[in-house]
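The values are calculated or read from the model by the stated rules, or taken from the named source; none is laboratory data. Please read these numbers as outputs of a predicted model, since none were measured by experiment. All Cβ positions, glycine included, derive from the backbone under ideal geometry; neighbour counts span all protein chains shown. Protein only, heavy atoms only, side chains kept; ligands, DNA and RNA dropped before computing areas. Shrake-Rupley method; radii C 1.70, N 1.55, O 1.52, S 1.80 Å.
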Number of protein chains: 2
Amino acid sequence: MPETSPADRRRSSIGARRNPDAEAAILTAARALLAERGYAGFSIEEVARRAGAGKPTIYRWWATKADLLIDVYAAEKASHMALPDTGALWSDLLAYTRALWGFWRDTPSGSIFRALIAEAQTTDAALSALRDKFLPDRLRDLCHMFERAAERGEIPASEIDDRVGLYIGFNWLHLLSDRLADDAPAIERTARLISGQPPGRT
Amino acid sequence: MPETSPADRRRSSIGARRNPDAEAAILTAARALLAERGYAGFSIEEVARRAGAGKPTIYRWWATKADLLIDVYAAEKASHMALPDTGALWSDLLAYTRALWGFWRDTPSGSIFRALIAEAQTTDAALSALRDKFLPDRLRDLCHMFERAAERGEIPASEIDDRVGLYIGFNWLHLLSDRLADDAPAIERTARLISGQPPGRT
């Protein structure tokens, strides 16, 4: 983070276009606040105070608290996780799932994402952020693994979206029922079902 | 429901063993209250008042609000839904999914179940009721469709639990992101993936 005073940052963030320094300061403050207080103790007001930014600036860039949380979560995930490329979809999914569940278990991000899904059940803005922004982005990320599998002839290209949907549902079910043990054989069985590769094939 | 006075019911419900009449009265009152006020307006106190039952009785039979809600939801689902038996797993899943999503869309049960999953993200008792009671019961119900498929040789018996898990995750993802449109072709594609039967096979 650059060494700018809160006043500098506040000044520089005026306007609809995002100022990268101010944006980074806000995301950093939001991440720290979430790590300290969790989802329940999170407020735009406190993020603004810590980042030396105005609340109107934050709301201009992130229409709702859910939108800001999604960006924090996505940035955390991108910094912790990379898409594997093992040469087969089932082993890509095995590696990715074990890393993802570990990320959910061992960092505050698991609780944050659970709280976000929970809020989407009662708040329209959070539902819309989850469904119309977060999920399409995740679908696009995950598609790369499935597209490579289609290029290798492992799955038909026409089935990519449906298989990614199955994979996201599998992960959500385990997150939301708090069953994130690193059970590699069980995860491998489901990874093989989702990738259409029965045991024995490598 | 039998014609008993609230006082009769209160008397007859003493003891750890459930009195069927009192249990039915409590479930009926809970269902009506949920239909009227939704999950947010639900309270054991109001259920007790309407059912003419004592709060201690309700808490003796259902340790938490989540346990009572799960029983109400399960009873509603059992009265609206039957497991299809079409002769193939993919068409069983297609029929069941369309019925389930309609049940979620068109009755208060969809919102109730969403609220229950949401509460499980912040309350340990609700998480435990969902994970340790509700999910194993649903798994057992759904297994029948998959067991018949295994008997017909459509899927290996060793894959039943994993495929049921994929199916539950698929439904949860659609419920929690409020994407429950009756899109039969899209549902059929996923039903075929879960049942391992590519298009063309019937």
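Some points to look at:
- Computed from the C-beta positions of B:Asp132 and A:Arg17, the FRET efficiency with R₀ = 56 Å rounds to 0.65.
- A simple charge model with +1 on the Cβ of Lys and Arg, -1 on the Cβ of Asp and Glu and nothing else charged puts the dipole of chain B at about 460 debye relative to its Cα centre.
- Dipole of chain B, positive end: most advanced residue of B:Met145, B:Pro20, B:Tyr167 [Cβ charges, Cα centre]: B:Pro20
- Estimated dipole of the stretch A:110-149 in Debye, rounded to 20 [Cβ of Lys and Arg +1, of Asp and Glu -1, Cα centre]: 120 debye
- Amide H within-cut-off set for B:Ile155, under 5 Å, with H built and near neighbours excluded: B:Ala150
- Whichever aspartates and glutamates have a C-alpha closer than 20 Å to that of B:Lys55, once near sequence neighbours (fewer than 8 apart) are set aside: B:Asp8, B:Asp21, B:Glu23, B:Glu45, B:Glu46, B:Asp67, B:Asp71
- Ligands, DNA and RNA aside, B:Trp104 has an accessible area near 10 Å² when probed at 1.4 Å.
- Global size of chain A: 19.1, 62 Å for Rg and Dmax (C-alpha atoms, Rg to one decimal, Dmax whole).
- For the stretch A:123-167, the Cα gyration tensor yields ellipsoid semi-axes of 27, 9, 6 Å (square root of five times each eigenvalue, largest first, whole Å).
- Size of electric dipole in the protein assembly as shown: Cβ of Lys, Arg +1 and of Asp, Glu -1, about Cα centre, debye, nearest 20: 860 debye
- Simple rule: put +1 on each Lys or Arg Cβ and -1 on each Asp or Glu Cβ in the stretch A:70-194, find the dipole, and look at A:Ala129, A:Leu93, A:Ala157; the Cα lying farthest toward the positive end is A:Leu93.
- Pairwise centroid distance, computed over Cα atoms, of the stretch B:26-56 with the stretch A:106-175, Å: 36 Å
- Shortest-first distances to equivalent copies, position A:Arg60, nm, label 7 Å out along Cβ: 6.4
- As computed over the protein assembly as shown, the Cα convex hull volume per residue (Å³): 165 Å³
- Note on chain B: helix-only mean residue ellipticity at 222 nm, from DSSP H runs of 4+ residues weighted -39500 (n - 2.57) and normalised by residue number, equals -21000 deg cm²/dmol.
- Taking the C-alpha atoms only, the angle from helix A:160-176 to the longest principal axis of chain A is near 70 degrees.
- Gyration tensor verdict on the stretch B:154-202 (Cα atoms; rounded if a/c is under 1.5, prolate if a/b is larger than b/c, oblate otherwise): oblate
- To the nearest 10, the accessible area of A:Tyr96 is 20 Å² with a 1.4 Å probe.
- Here the 3J(HN,Hα) profile of the stretch B:121-131, calculated from phi with Karplus coefficients 6.51, -1.76 and 1.60 at θ = phi - 60°, is 7, 10, 10, 4, 5, 5, 4, 5, 4, 5, 7 Hz, Gly and Pro shown as x.
- Solvent-accessible ranking of A:Leu94, B:Leu34, largest area first, probe 1.4 Å: A:Leu94, B:Leu34
- Label-to-label distance for B:Lys55 and B:Asp161 is 4.0 nm, based on points extended 7 Å past Cα in the beta-carbon direction.
- Distance (nanometres) between label positions extended 7 Å along Cα→Cβ at B:Ala74 and A:Glu151: 4.9 nm
- Cross-link partners for A:Lys77 among the lysines, with Cα-Cα distance under 25 Å and sequence neighbours closer than 8 places in the same chain left out: A:Lys65, A:Lys133.
- Residue by residue, the stretch B:102-119 carries 3J(HN,Hα) couplings of x, 4, 5, 6, 9, 10, x, 5, x, 5, 4, 5, 4, 5, 5, 4, 4, 5 Hz when phi is fed to the Karplus relation 6.51 cos²θ - 1.76 cosθ + 1.60 (θ = phi - 60°); x denotes Gly or Pro.
- For chain B: relative contact order, % (alpha-carbon pairs under 8 angstrom, 6 or more apart): 20 percent
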